Structures are given as C-alpha cells and as structure tokens.
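Asks: Below is one structure. I have some questions about it.
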Amino acid sequence: ISPSGLSYDVMVNWEPPPSADVGVGWMRIVYEIQYRERNATNWEALEVQPHTQQTIYGLHIGKEYEVHIRCRMQAFTKFGEFSDSIFIQVTEISSRESTFPLTLILVFGTVGILIL
C-alpha cells in the first residue's frame, strides 16, 4: 500500500507453459505481462523478463484491472498467444492502522500461452 493509502502493488505469479521443458535448463523463456483497467482500450506493458513473477505497481483503490501474459523463447522475436485474462479488484484495507503492506499474490497457470 502506498503512503497515501490510494494505491497498491500487486505481485502476480504463474507457471511456465506445460510444453516448455524449462526445468532442465536448455529452454529459456521470457515473459511479457500486460495490464489495464477493466474495459480500457490501451494495455500497459511491463518490461520483458525471464522470471515467473512480476510486481505491478500503483494500482488504484476501487478499480478493477485485467492482466494477461505471453511468452517466447529467449532467442526468438515472435511471442505466443496471450493467456486468458485474470481480473484483480483492488479494495481498501479495513484497518488503516495495519503496518504490514498488502500484497496480493495471484497464481494462475499459463496453459493458454503458446510458444510459436
């Protein structure tokens, strides 16, 4: 939660696509995360990165956000299809006296991500 209490940071986690054998280490995948306010036209894209978690900063209280992810092999330029979207409802903490920041952790599989 921000010092003003008007925005939150959200951590999103996901699993690599089941067809990608990343555990052995021979296949390196990078991910692109995009988000927007629900029903908005333009997506905000975060920097492409190789990790299966990403923090989205500055989401506003009282808003709902849509998030989706796609991936590609690191050596390639073309991304696969985006995953199904998830929706994040940012609500106010009931007690303003809490000293712990609120971090929403959303875990979802990237079954919908295809590597092209």
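Just so it is clear, none of the values below were taken in a lab; they were calculated from the coordinates. Small disclaimer: the values here were computed from a predicted structure and weren't measured. When we count neighbours, we look across all protein chains shown, and the Cβ atoms used for this are built from the backbone with ideal geometry, even at glycine.
Asks: What's the local net charge at Lys63, with K and R +1, D and E -1, over the other residues with C-beta under 12 Å away? Write down the numbers at each step before the final one.
Replies: Working: positive: Arg36, Arg38; negative: Glu37, Glu64, Glu66, Glu92.
Cβ neighbours under 12 Å give a net charge of -2.
Asks: For region 40-97, state which trypsin sites (Lys or Arg not before Pro) are in a DSSP loop and have at most 15 other beta carbons lying within 10 Å of their beta carbon.
Replies: Details: sites: Lys63, Arg70, Arg72, Lys78, Arg96; in loops: Lys63, Lys78, Arg96.
Those satisfying the criteria are Lys63, Lys78, Arg96.
Asks: Here is a follow-up. Considering only the other residues whose Cβ falls under 10 Å of the Cβ of Phe82, what net charge follows from Lys and Arg at +1 and Asp and Glu at -1? Provide the component values of the computation, followed by the final result.
Replies: On the way: positive: Arg70; negative: Glu32, Glu81, Asp84.
Surrounding charge for Phe82 is -2.
Asks: So for the pair Asp21, Asn39, with labels modelled 7 Å out along Cα→Cβ, what separation do we get in nm?
Replies: For the pair Asp21/Asn39, the computed spacing is 4.7 nm.
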